[in-house]
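Read-outs: derived from the displayed coordinates by stated rules, not from any lab. Just so we're clear, the structure is a prediction, and the values are computed from it rather than from any experiment. Cβ sites come from the backbone with ideal geometry, for glycine too, and all protein chains shown count toward neighbours.
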Amino acid sequence: MNKHLILGLAGAAAALTAAAPAAAQQWRWNEGNWRTIGYTTVDGRDSDTVNLPGVTRQREIRVCALNAPLRLRDFDIRFANGTRQDVNTRAVLNAGTCTRAVDLRGNRRDVASVRLRYDPVARRAARPLVRIQVR
């Protein structure tokens, strides 16, 4: 009887310990009033474009990798009025991390799409899920 009780308590403690970091990470995503406006799963080549719906006027943008690491070389931001902004990052985004906050040129710009350029993802590796956030 004591064996089963000890194993049950150890299992419950392990489950609580595993749930704590996930809750902390979820809180970190919402910090600073960031709002998610688009998702994509990169296909492994070397670039992808995320078309963003709607009209939103924003000041800053960042790119986050969710489930797998991504070597992001740069990303191009295309605005609704046809202009664009190129951002060199040369960053390795580990799963659950984001780029720095990038100020958008102009005053509260309307982002139409974001083109991601990254190093090719290995064929057998997990495809990173990328999230575009603005504020």
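Residues checked against (1) closer than 17 Å to Cys64 by Cβ; (2) charged (D, E, K, R):
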site: Cys98; (1), (2): yes, no
site: Ala101; (1), (2): yes, no
site: Arg105; (1), (2): no, yes
site: Arg115; (1), (2): yes, yes
site: Arg127; (1), (2): yes, yes
Residues that are surrounded by 13 or more Cβ atoms within 10 Å (Cβ to Cβ) and of a type in the set (Lys, Arg): does the stretch 99-115 have at least one?
yes
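Looking at Arg100, Arg73, which one is part of a strand (DSSP E or B) and either in contact with a Lys or Arg (Cβ under 8 Å, 6 or more places away or on another chain) or on the phi > 0 side of the Ramachandran plot (or both)? Lay out the reasoning, then the answer.
Details: Arg100 fails: part of a strand (DSSP E or B).
The match here is Arg73.
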Failed item, numbered, when Thr49 is tested on (1) assigned to a loop (DSSP other than H, G, I, E, B); (2) within 20 Å of Arg84 (Cα to Cα); (3) not hydrophobic (A, V, I, L, M, F, W, C)
(1)
Return the residues of the stretch 116-135 that are of a type in the set (A, V, I, L, M), buried (at least 19 other Cβ atoms within 10 Å of the Cβ) and assigned to a strand (DSSP E or B); say none if nothing qualifies.
Leu116, Val130, Ile132, Val134
Which of the numbered conditions does Ala95 fail, given that it passes all the others? Conditions: (1) surrounded by 13 or more Cβ atoms within 10 Å (Cβ to Cβ); (2) not β-branched (Val, Ile, Thr); (3) not in a loop (DSSP other than H, G, I, E, B).
(3)
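Just to check your reading of the model, which residue among Arg135, Arg131, Arg109, Arg127 is out of contact with any helix residue (DSSP H, G or I) (no Cβ under 7 Å at 6 or more places or on another chain) and over 14 Å from Tyr39 (Cβ atoms)?
On the way: Arg135 fails: out of contact with any helix residue (DSSP H, G or I) (no Cβ under 7 Å at 6 or more places or on another chain); Arg131 fails: over 14 Å from Tyr39 (Cβ atoms); Arg127 fails: over 14 Å from Tyr39 (Cβ atoms).
Exactly one residue qualifies, and that residue is Arg109.
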Answer residue from the stretch 37-71, given it is within 13 Å of Val114 (Cα to Cα) and hydrophobic (A, V, I, L, M, F, W, C) and is surrounded by the most Cβ atoms within 10 Å (Cβ to Cβ) among those:
Val63
